[in-house]
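A short write-up of the structure that comes next.
The values are calculated or read from the model by the stated rules, or taken from the named source; none is laboratory data. All values derive from a computational prediction rather than experimental measurement. Positions of Cβ are backbone-derived with ideal geometry, glycine not excepted, and every protein chain shown enters the neighbour counts.
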Amino acid sequence: MRIAMIGTGYVGLVSGACIADFGHRVTCVDKDSAKICALNSGEIPIYEPGLKDIVQSNVREGRLHFTTALSEAVVEADAVFIAVGTPSRRGDGYADLSYVYNATREIAAALTDFTVVITKSTVPVGTGDEVERIIREMRPNADVAVVSNPEFLREGAAIHDFKHPDRIVIGTDDERAQRVVTEIYRPLYLNQAPILYTSRRTAELIKYAANAFLATKITFINEIADLCEKLGADVQEVSRGIGLDKRIGPKFLHAGPGFGGSCFPKDVRALIKTAQDCDVPMRILEATETVNDTRKRAMARKVSAAFAGVLRGKAVAVLGLTFKPNTDDMREAPSVPLITALQDMGAKVRVYDPVGMEQAKQVLAGVTYCQGPYDCVEDADAAVIVTEWEQFRALDLERLRDLMACPVIVDLRNIYSPEDMKKQGFAYACIGRAPTFQPVNLYVPEYSPSSSRAIAVAACDRAVAQVSGGD
Ligand SMILES: NC(=O)c1ccc[n+]([C@@H]2O[C@H](COP(=O)([O-])OP(=O)(O)OC[C@H]3O[C@@H](n4cnc5c(N)ncnc54)[C@H](O)[C@@H]3O)[C@@H](O)[C@H]2O)c1
């Protein structure tokens, strides 16, 4: 089958490469000529594990092509996927559908024989109707069917998710279109991936409801984590205790600095707006959004708490910038409001991320970019683990402690054990578990940014030893 994929971003490129891998002939289209140029010279413009291999092998086999010429790709296609961005609209939080509708107009102009237009972008209910209306208005005689086929892949595990989906949702009442989309996914169907046939509107809502539910689940455990800290309970054990209940399930119960990324924040916002327009306010989601927004910035207080609220002049090392590991995506990453808050409190911020530094440079100002985790923590008064990259899970703690001016670690992903950190001589704060110190006691009066490192280290060591029980 011949496929055109309009939009060659995180979703379009992964979907295009995987569909080519199923044996179809795919042309990925993007209006960003630099991106297409890079792809045509063998470079992958995003970081996604396993993507390079699958792109290269399908290009070699002649099944995967890249172009900026949308109409050429559409003319010969049996099916055209729309996988362009649907960011939050500036000012009001509705989904910005301008990219979808612009792509639709370009597709409409190029349609020839029977073509199935498939919306893979996450779009509010009714967008498929509008896509169809635009096409019929521009091309009244076009033989076309418009389908909703939302995508559920996760960045960082995108290839696996695309090839092993929990379900494939196909939203259309048109039998011919149903057959075409089913044929595209036939290899997955043979692998027993459940296919859910629904109406177009239902398919559109399934995607938003899924993301909104997961975002709510994260926010729920984050609030339980805050309560754990007050009550002396351990959120890791609470998560396990409730997650083992099959009605609840263990996923998305990791307490942290708040959800970010290219989907959850904007999709929660867009669903709230859609519901308001229908006079069905989504109170739970409104709370989820507010709680999550304030949480990211509030994480800075976990750092300042170690210094009696005074961060002015302190050097803070931030380990991990991307919104999650195994991606270079910085969209709505919790690191950004956290770092801004640290800077507002007067801290000097040093940062390191294994793959996100280039993207980070576009959104973070006034920070020092470092070469690696050890370079980043050198002479730092505190280190904050923001993204749980694999390489941060096994840091040489002795080296870390020796390099830091003050051994304070704030672990926003709970990747270390408080007992181990205490044994290693760190003042350690995390999420939903008691810190190894009484934060306010860690204030070190003799230390100022101008004191010598030896004085600072000695003062910090004394303070940490005193508050963490003397060992
Ligand atoms: N990123 C994810 O993990 C994920 C997961 C599931 C669903 N989604 C949804 O998929 C959609 C795409 O997300 P993304 O993260 O891949 O976005 P992205 O910003 O990475 O990519 C979108 C691409 O579309 C291109 N584009 C825009 N208009 C175009 C046009 N008229 N013709 C050709 N190219 C055009 C842009 O240049 C860009 O490269 C969104 O609706 C998103 O909500 C994303």
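Flag set for Ala157, criterion: within 11 Å of the ligand (Cβ to nearest atom) and either at negative phi or out of contact with any Cys (no Cβ under 7 Å at 6 or more places or on another chain) (or both). Checked against (1) buried (at least 19 other Cβ atoms within 10 Å of the Cβ); (2) free of Cβ contacts under 8 Å to residues at least 60 places away in the same chain; (3) within 30 Å of Tyr47 (Cα to Cα), Leu153 passes all but a single condition, namely (2).
Lys31 meets the conditions (1) in contact with a Phe, Trp or Tyr (Cβ under 6 Å, 6 or more places away or on another chain); (2) surrounded by fewer than 21 Cβ atoms within 10 Å (Cβ to Cβ); (3) outside any helix (DSSP H, G or I) in every case but one. The failed one is (1). Could you please find all residues in the range 3-28 being within 11 Å of the ligand (Cβ to nearest atom) and polar (S, T, N, Q)? If the condition is that a residue be within 11 Å of the ligand (Cβ to nearest atom) and polar (S, T, N, Q), then Thr8, Ser15 are the ones that fit.
Residue selection: Glu223 fails the criterion of being out of contact with any Leu (no Cβ under 9 Å at 6 or more places or on another chain) and buried (at least 21 other Cβ atoms within 10 Å of the Cβ).
Can you confirm whether Pro150 is out of contact with any strand residue (DSSP E or B) (no Cβ under 7 Å at 6 or more places or on another chain), of a type outside the set (A, V, I, L, M) and near the ligand (Cβ under 10 Å from one of its atoms)? For Pro150, the condition - out of contact with any strand residue (DSSP E or B) (no Cβ under 7 Å at 6 or more places or on another chain), of a type outside the set (A, V, I, L, M) and near the ligand (Cβ under 10 Å from one of its atoms) - is not met. Within this structure, Lys273 passes the test of being within 16 Å of the ligand (Cβ to nearest atom) and either among the charged types (D, E, K, R) or within 17 Å of the chain's Cα centre (by Cα) (or both).
Criterion applied to Asp461, Asp402, Asp379 was being outside any loop (DSSP other than H, G, I, E, B), of a type outside the set (A, V, I, L, M) and at pLDDT 90 or above, and the one residue passing it is Asp402. Residues in the range 363-378 include none that are without any contact (Cβ under 8 Å) to a residue 60 or more places away in the chain, surrounded by fewer than 22 Cβ atoms within 10 Å (Cβ to Cβ), touching a strand residue (DSSP E or B) at 6+ places or on another chain (Cβ under 6 Å) and closer than 19 Å to Pro257 by Cα. Scanning the range 160-186 for residues that are part of a helix (DSSP H, G or I), within 14 Å of the ligand (Cβ to nearest atom) and surrounded by fewer than 20 Cβ atoms within 10 Å (Cβ to Cβ) yields a count of 2.
Just one of the listed residues (Lys52, Lys31) is within 15 Å of the ligand (Cβ to nearest atom) and basic (Lys, Arg), and it is Lys31.
Does the range 37-55 contain any residue that is more than 19 Å from Val180 (Cα to Cα) and among the hydroxyl-bearing types (Ser, Thr, Tyr)? Within the range 37-55 (the criterion being more than 19 Å from Val180 (Cα to Cα) and among the hydroxyl-bearing types (Ser, Thr, Tyr)), the answer is yes, since at least one residue qualifies. For the range 92-115, filtering for residues that are under 22 Å from the mean Cα position of the chain (by Cα) and not aliphatic (A, V, I, L, M) leaves 5. Figure legend. Inter-residue proximity from the range 29-52: first residues farther than 12 Å from Gly12 by Cβ and free of Cβ contacts under 8 Å to residues at least 12 places away in the same chain, second residues away from the ligand (no atom under 12 Å from the Cβ) and in a loop (DSSP other than H, G, I, E, B), beta-carbon distance below 7 Å, spacing 6+ or different chains. Indicated pairs: Lys52/Ile44. Residue-level analysis places Arg295 outside the set of residues that are closer than 17 Å to Ile218 by Cβ, within 16 Å of the ligand (Cβ to nearest atom) and not hydrophobic (A, V, I, L, M, F, W, C). All of (1) part of a loop (DSSP other than H, G, I, E, B); (2) in contact with a strand residue (DSSP E or B) (Cβ under 7 Å, 6 or more places away or on another chain); (3) more than 17 Å from Ile206 (Cβ to Cβ) hold for Glu155 with one exception: (2).
Listed here are the residues, each with its yes/no results for (1) at negative phi; (2) buried (at least 19 other Cβ atoms within 10 Å of the Cβ); (3) assigned to a helix (DSSP H, G or I); (4) away from the ligand (no atom under 16 Å from the Cβ).
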{"position": "Ala212", "(1), (2), (3), (4)": "yes, yes, yes, no"}
{"position": "Leu227", "(1), (2), (3), (4)": "yes, no, yes, yes"}
{"position": "Gly241", "(1), (2), (3), (4)": "yes, no, yes, yes"}
{"position": "His254", "(1), (2), (3), (4)": "yes, yes, no, yes"}
{"position": "Lys266", "(1), (2), (3), (4)": "yes, yes, yes, no"}
